[in-house]
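Here is the structure we will look at, set down as C-alpha cells.
The values are calculated or read from the model by the stated rules, or taken from the named source; none is laboratory data. Because the structure is predicted, anything quoted here is derived from the model rather than measured. For neighbour counting, all protein chains shown are included, and Cβ atoms are generated from backbone atoms with ideal geometry for every residue, glycine included.
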C-alpha cells in the first residue's frame, strides 16, 4: 500500500498546511527533547552520586581500635586496645578463605617539603593491598610493594595534588621529599575519583612508619577485604566471626560495644545502592511523566487536526474515498510527521547533552548522558502513541457521513 | 438528526431515464435534499428499493457506498465544497485518485475536464483565487471527471447571482446534451424551467411530475 501516489498526496498535504504540520511536529520534537534533557540530567546526578559514595571498594571491613567499657577476665574497664603486626598475620592465617587483602593503616600528619615548597599532608602507612581498597589509580610510577614493606624502604607514593603543590610542573618521580624530617623518595603519583581530599595523601610502607616510631609493631587500623562473591550476607557472617575472634583474642567482654569498632562497607554500599535505586526511580518517573505529557500533547493536536479536516474528509468521502483510505491517509501523515520531528528532537537533545558535558559539575550534574537505546525507544513510543492518538479521531471521522461533514460549515 | 425519527419522505415513486435532466423542486422542508442524499448514497431510505443502472442499491456498508459513489455518481454542491488547499487541477483529479488512476493520466484527464468548463488557464489556481461561478464550474468538472452515470446537483446555483447561475445552467445543459443523466435540486422556478422535467415535492410526497419545454440557458448568457 505504500505507493508513490500516497506519499505524494501526503507531502502535498503537509507542505500546504505548514502551520498544522509545524504544530504537531513541534509538540513531538519538544516532548522528545525535554525527555532526553531531563533523563540525561538525571543520569548526570546519578554519576555524581556514584562518584561520591561508591568510590571505595565495597568489599571491605574496617577494624578500629578503641577502649573497653566493661571489665573482663580480670582486666579493668577503659583499657586501651591496640592492633599489631601479629594481628595482621592472624587474620590471614585464621580466615584464609575469607580474606583477599589485609592491610594496616597508620595515619600521621606531617609537614612535607620539596625545595622551597612545603605543606602539611596526611601520610598513610600501608601495605600494598591498600591500593585496591581505596581504588587508587596510579598516574606515574608504582605503588608501595612487598619489597618496600620487607626492607622498610623510604618510598612514598604521593597524590596528584601533592605533586601539583610541591613539584609544580616538575616530574616528581625519583625526587626526594622531606616528610616530617625524614627524606623519602617519590616512587609514584596517584589520582583518586573520591575528590580533592583523597588526592592529598602520601602513602608510605607501614614497616617504615613503625621503624620511625621506635621500631614498635603497632598498626593503627586494620582493613580486610573479602571476595565480592560472598555478598552482603557472607560479609555480615565474616564480620561476626572476625568480631568474635578478636574479642576473644584481646580479652574483651563479648557484650562490650566498645573496645574494637567494626565498619562493614557492604552496609554502606547497601544504603547507597538503595539511594541510587530511589534516584533512578525519580529519573524514570520524570522521564515517564514527560513522555506522557508529550503523548497527551500529540493526542490533542491530532483531535484538532482531524476536527479541522472534517469537511475535507467529507468531500473526499463523497468523491469516493473509502473509510479505510481516510484512516490510512491520516495515520500515514501523522506517523510521518511524528517520526521526522521525533528524530529532530532526539538529535538536538543529544547534541545539547553532549555540549553540557562537565559544565554543570558544580550543580552535582556530571557527564549527563542518555543511552541511545532509551532515547530511541522513547521516540518509537511517542510515534506509536501518536499513531494511536491519531487513529481514534480518524476512525470516527471515517465513519461520519459525508452529508453531515459537509453540512458543518 | 437527533434521537427522535422524523419521516421526511412519505412514499416516493419515480423513475428517471438515461439522458434526462430533471429538476426536483419544492419549498424548504419538502424533502428534496433528503431525496437527493438517498439517490447519492449519502443517506439510506428506511424502506423501499433504489435501482441504479439495473444495480439494486441496498445493504451498503461504508466502503461499498464509497465505491458506488466513486463509480456511479458525481456531486455538485451549493457551497462548492472544493478542498481549499488544492489547486483547481488537483481538485478535479481527486476522484480519479480514488479510482486508482495513475498520476500522469489523472492530470491529463483533469485538464481535459477543466478545459471543457472553460477553466484550463486557471488550473493551478487555488479555490480562494476563483470567483463563485468559477468554483462551481471546477466542482462540475470534478463531478464529471470520474465519468459518472448520474450527476447530482444540490442547489448548484444557490450561492450564485442570476447571470452566473445561467452560465452554470448552460454548462449543465451542455453536459446533458452529451447524454449524461442529471438531477438538479432547486427552489428557483427559472432554473427548473431550464430542465426537461420538473418533479414537485411537498411534505414528502410528489405532487406534480411533468415534462417541460426546456428554456435554453445560453440565450441569457452574454
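Among the candidates A:235, A:276, which residue alone is touching a helix residue (DSSP H, G or I) at 6+ places or on another chain (Cβ under 9 Å) and outside the structural domain of residue A:77 (by TED's automatic domain parsing)?
From the options A:235, A:276, the qualifying one is A:276.
Is it true that some residue in the stretch A:1-8 is surrounded by fewer than 19 Cβ atoms within 10 Å (Cβ to Cβ), away from every other protein chain (no Cβ under 14 Å) and on the phi > 0 side of the Ramachandran plot?
No, the stretch A:1-8 contains no residue that is surrounded by fewer than 19 Cβ atoms within 10 Å (Cβ to Cβ), away from every other protein chain (no Cβ under 14 Å) and on the phi > 0 side of the Ramachandran plot.
Tally the residues that are buried (at least 17 other Cβ atoms within 10 Å of the Cβ) and over 19 Å from residue A:111 (Cα atoms), restricting the search to the stretch A:189-213.
Of the residues in that region, 4 qualify.
Within the stretch B:205-222, which residues are in contact (Cβ under 8 Å) with a residue 24 or more places away in the chain, farther than 10 Å from residue B:24 by Cα and surrounded by fewer than 19 Cβ atoms within 10 Å (Cβ to Cβ)?
B:205, B:214, B:215, B:216, B:218, B:220, B:221
Just to be sure I understand, how many residues within the stretch B:121-149 are surrounded by fewer than 19 Cβ atoms within 10 Å (Cβ to Cβ) and touching a strand residue (DSSP E or B) at 6+ places or on another chain (Cβ under 9 Å)?
Result for the stretch B:121-149: 2.
Of the conditions (1) closer than 30 Å to residue A:194 by Cβ; (2) surrounded by fewer than 19 Cβ atoms within 10 Å (Cβ to Cβ), residue A:77 fails just one. Which one is it?
Of everything listed in (1) closer than 30 Å to residue A:194 by Cβ; (2) surrounded by fewer than 19 Cβ atoms within 10 Å (Cβ to Cβ), residue A:77 misses just condition (1).
Determine, yes or no, whether residue B:89 is facing chain A (nearest Cβ under 9 Å) and in a helix (DSSP H, G or I).
No.
Would you pick out the residues in the stretch B:93-116 that are closer than 17 Å to residue A:318 by Cα, within 18 Å of the chain's Cα centre (by Cα) and either within 10 Å of chain A (Cβ to nearest Cβ) or surrounded by fewer than 22 Cβ atoms within 10 Å (Cβ to Cβ) (or both)?
Across the stretch B:93-116, the qualifying residues are B:94, B:95, B:96.
I need the full set of residues from the stretch B:64-77 which are touching a strand residue (DSSP E or B) at 6+ places or on another chain (Cβ under 6 Å) and either within 7 Å of chain A (Cβ to nearest Cβ) or in a loop (DSSP other than H, G, I, E, B) (or both), in order please.
Answer for the stretch B:64-77, where residues must be touching a strand residue (DSSP E or B) at 6+ places or on another chain (Cβ under 6 Å) and either within 7 Å of chain A (Cβ to nearest Cβ) or in a loop (DSSP other than H, G, I, E, B) (or both): B:75, B:77.
Taking the condition of being farther than 24 Å from residue A:99 by Cα, surrounded by 14 or more Cβ atoms within 10 Å (Cβ to Cβ) and over 17 Å from the mean Cα position of the chain (by Cα), how many residues in the stretch A:259-287 meet it?
Adding up the residues that qualify gives 2.
For residue A:397, indicate whether it is within 14 Å of chain B (Cβ to nearest Cβ), crowded, with 17+ Cβ neighbours inside 10 Å, assigned to a helix (DSSP H, G or I) and over 32 Å from the mean Cα position of the chain (by Cα).
Judged against the criteria, residue A:397 is a match.
I'd like to know if the stretch A:117-126 contains one or more residues that are over 35 Å from the mean Cα position of the chain (by Cα) and surrounded by 12 or more Cβ atoms within 10 Å (Cβ to Cβ).
The answer is yes, given that some residue of the stretch A:117-126 is over 35 Å from the mean Cα position of the chain (by Cα) and surrounded by 12 or more Cβ atoms within 10 Å (Cβ to Cβ).
Would you pick out the residues in the stretch B:158-193 that are without any contact (Cβ under 8 Å) to a residue 40 or more places away in the chain, in contact with a helix residue (DSSP H, G or I) (Cβ under 7 Å, 6 or more places away or on another chain) and either more than 19 Å from residue B:142 (Cα to Cα) or in a loop (DSSP other than H, G, I, E, B) (or both)?
B:160 - this is the single residue of the stretch B:158-193 that is without any contact (Cβ under 8 Å) to a residue 40 or more places away in the chain, in contact with a helix residue (DSSP H, G or I) (Cβ under 7 Å, 6 or more places away or on another chain) and either more than 19 Å from residue B:142 (Cα to Cα) or in a loop (DSSP other than H, G, I, E, B) (or both).
For the stretch A:176-216, which positions are farther than 27 Å from residue A:59 by Cβ and in a loop (DSSP other than H, G, I, E, B)?
Those that are farther than 27 Å from residue A:59 by Cβ and in a loop (DSSP other than H, G, I, E, B): A:180, A:181, A:213, A:214, A:215, A:216.
Could you look through the stretch B:39-51, keep only residues that are modelled with pLDDT under 85 and either on the phi < 0 side of the Ramachandran plot or in a helix (DSSP H, G or I) (or both), and pick out the one that is farthest from the other protein chains (Cβ to nearest Cβ)?
B:47
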